[in-house]
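Visitor: Okay, here's the structure, questions in a sec.
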Amino acid sequence: MDGVGGVNGRTGRTALVTGASRGIGRAIAARLAADGAEVVVHYGSDAAGAAGTVEAIERAGGTAHAVRAELGVDGDAETLLAGVAERLSGRPLDILVNNAAAAPAGPLGTTSRAEFDRLFAVNVRAPYFIVEQALPLLPDGGRIITISSVATRMANPAQTSFAMTKAAVETMSRTLANQLGARGITVNAVAPGATRTEANGDVFEVPGLAARITGATALDRLGSADDVADVVAFLASDAARWITGQVVDASGGLFLGPRS
C-alpha cells in the first residue's frame, strides 16, 4: 500500500492537522493531501493563512477544508471536532496530527504564571482532549501523530517550560499507544529540531545563529518544514503499521555529540 491511501478496504483517507495555517503544519497538510488524503486544516486565528493552505492543496489537485477553533480555552476540542465531523459528513477520521503549539515562553524567572498556564493549555491539555474527542471518529487502524520537539532531550534553559509540555505529549503518545493498540491505532510523536519555515525565518537571521546550529547538526544544515512533513507522512502510511509508542527524532542529528 502506497502513501496514505486505503484503510479497511477504503480508499481516500481523511486527516486533521491542527495549526495548519503556516509552517510545519501547512507542510504536513500539503504532504498528506499529496498522498491522497482529504485534509481538514485547523487554525486558531490566521484565517488567511488557513485559506492559503486550502488553496495550495486544491491547486495541486487535492481536497481540503478549513476549520477554526481557538485552542487553550474551555470547549476547544469539542468545537474543533464538531467542525471536523461536519466537514467529513459522517465519514471516519483516519489521521489525526496534533501540530498546533504555543511558542516557548522563556527561561525560569521570566515566565508569568498566566503564560505558563497558557503554554500547558495549548500544548498539553488541547492535544489530550482533541484525541479524546477524535476517538469516536477514528477507525481501527487509524493514526495519531503529535509534534514534539528535540527540546525534550536537550538542556536549554530558555525553553524549560516548553520542553516540559513536549515531554508530556511524548508520554501521552506512549501510554495511548498501549491503550489503543488493540484497535490497530498507532500513536507516535515526531520531534523536530531547528526548522526554518516562512513563519520563523527571521529568527535564523540573527548573526551566527544558523552557523552555530548547523555546526552542531550531523546533517550539516537547518531543517525544513518538508523534512518534518515527510516523517509524519511515513508514520501516517501503512508502511508504519508496526511502529507505535515511539518518538521519532526529525532534527537531522542536532546535538548528537562533538563533530570533530
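Visitor: Inspect all residues belonging to segment 229-241 and state whether any of them is at pLDDT 95 or above, touching a strand residue (DSSP E or B) at 6+ places or on another chain (Cβ under 8 Å) and of a type in the set (Val, Ile, Thr).
Guide: yes
Visitor: Looking only at residues in segment 181-195 that are over 14 Å from the mean Cα position of the chain (by Cα) and farther than 19 Å from ILE130 by Cβ, which one is surrounded by the fewest Cβ atoms within 10 Å (Cβ to Cβ)? Let's see the steps before the verdict.
Guide: Here is the first cut: in segment 181-195, the residues over 14 Å from the mean Cα position of the chain (by Cα) are 181-186, 194.
Subsequent filtering for residues that are farther than 19 Å from ILE130 by Cβ retains 181-182, 184, 194.
Values: GLY181: 13, ALA182: 8, GLY184: 15, ALA194: 22.
Per the stated criteria, the residue is ALA182.
Visitor: Report yes if some residue within segment 4-17 is touching a His at 6+ places or on another chain (Cβ under 9 Å), assigned to a loop (DSSP other than H, G, I, E, B) and not acidic (Asp, Glu); otherwise report no. Steps first, answer last, please.
Guide: Going residue by residue through segment 4-17, those that are touching a His at 6+ places or on another chain (Cβ under 9 Å) are 16-17.
So of that shortlist, the ones also assigned to a loop (DSSP other than H, G, I, E, B) come out as none.
No - not one qualifying residue is present in segment 4-17.
Visitor: Let me ask you something else. Which of (1) surrounded by 13 or more Cβ atoms within 10 Å (Cβ to Cβ); (2) under 19 Å from the mean Cα position of the chain (by Cα) is the odd one out, the single condition GLU198 does not satisfy?
Guide: (1)
Visitor: Among the residues of segment 53-101, which ones are outside any helix (DSSP H, G or I) and β-branched (Val, Ile, Thr)?
Guide: Step one: of segment 53-101, the residues outside any helix (DSSP H, G or I) are 60-75, 89-101.
Within segment 53-101, THR63, VAL67, VAL73, ILE95, VAL97 meet the criteria.
Visitor: Under 9 Å between Cβ atoms, at least 6 apart or on separate chains: pull out the pairs that start in segment 30-53 with a residue that is free of Cβ contacts under 8 Å to residues at least 40 places away in the same chain and over 19 Å from ASN98 (Cβ atoms) and end on any residue that is basic (Lys, Arg) and surrounded by fewer than 24 Cβ atoms within 10 Å (Cβ to Cβ).
Guide: Sorted first by the residue in segment 30-53, then by its partner, the pairs are ALA47/ARG68; GLY52/ARG22.
Visitor: Is it true that SER45 is hydroxyl-bearing (Ser, Thr, Tyr), modelled with pLDDT of 95 or more and within 19 Å of the chain's Cα centre (by Cα)? So that I can check it myself, show each step before the final result.
Guide: Values: hydroxyl-bearing (Ser, Thr, Tyr): yes; modelled with pLDDT of 95 or more: yes; within 19 Å of the chain's Cα centre (by Cα): yes.
It is true that SER45 is hydroxyl-bearing (Ser, Thr, Tyr), modelled with pLDDT of 95 or more and within 19 Å of the chain's Cα centre (by Cα).
Visitor: Further question: How many residues, within segment 131-180, are within 19 Å of ASP249 (Cβ to Cβ), crowded, with 16+ Cβ neighbours inside 10 Å and of a type in the set (S, T, N, Q)?
Guide: The total comes to 7.
Visitor: Return yes or no: is LEU108 at pLDDT 95 or above and outside any strand (DSSP E or B)?
Guide: Working: at pLDDT 95 or above: no; outside any strand (DSSP E or B): yes.
Criteria not met by LEU108.
Visitor: Kindly indicate whether any position in segment 60-70 is of a type in the set (S, T, N, Q), under 22 Å from VAL232 (Cα atoms) and in contact (Cβ under 8 Å) with a residue 40 or more places away in the chain.
Guide: First pass over segment 60-70, keeping only residues of a type in the set (S, T, N, Q): 63.
From the residues that got through so far, the ones that are under 22 Å from VAL232 (Cα atoms) too are 63.
Next, only the ones that are in contact (Cβ under 8 Å) with a residue 40 or more places away in the chain stay: none.
Looking through segment 60-70, none of the residues is of a type in the set (S, T, N, Q), under 22 Å from VAL232 (Cα atoms) and in contact (Cβ under 8 Å) with a residue 40 or more places away in the chain.
Visitor: Something else now. Would you call ALA50 in a helix (DSSP H, G or I) and farther than 11 Å from ALA20 by Cα?
Guide: Details: in a helix (DSSP H, G or I): yes; farther than 11 Å from ALA20 by Cα: no.
Here the answer is no, as ALA50 does not meet what is asked.
Visitor: Still on this structure: Assuming PHE129 fulfils every condition listed in (1) under 19 Å from VAL232 (Cα atoms); (2) within 16 Å of the chain's Cα centre (by Cα); (3) touching a residue at least 40 places away in the same chain (Cβ under 8 Å) apart from one, which condition is it?
Guide: The single condition PHE129 does not satisfy is (1).
Visitor: Also: Got a sec? Which of ARG118, ARG153, ARG183 is among the charged types (D, E, K, R) and in contact with a strand residue (DSSP E or B) (Cβ under 9 Å, 6 or more places away or on another chain)? So that I can check it myself, show each step before the final result.
Guide: Details: ARG118 fails: in contact with a strand residue (DSSP E or B) (Cβ under 9 Å, 6 or more places away or on another chain); ARG183 fails: in contact with a strand residue (DSSP E or B) (Cβ under 9 Å, 6 or more places away or on another chain).
None of the other options fit; the residue is ARG153.
The values are calculated or read from the model by the stated rules, or taken from the named source; none is laboratory data. Because the structure is a prediction, the values reported are computed rather than measured. Note that each Cβ is placed from the backbone with ideal geometry, even for glycine, and that neighbours are counted across all protein chains shown.
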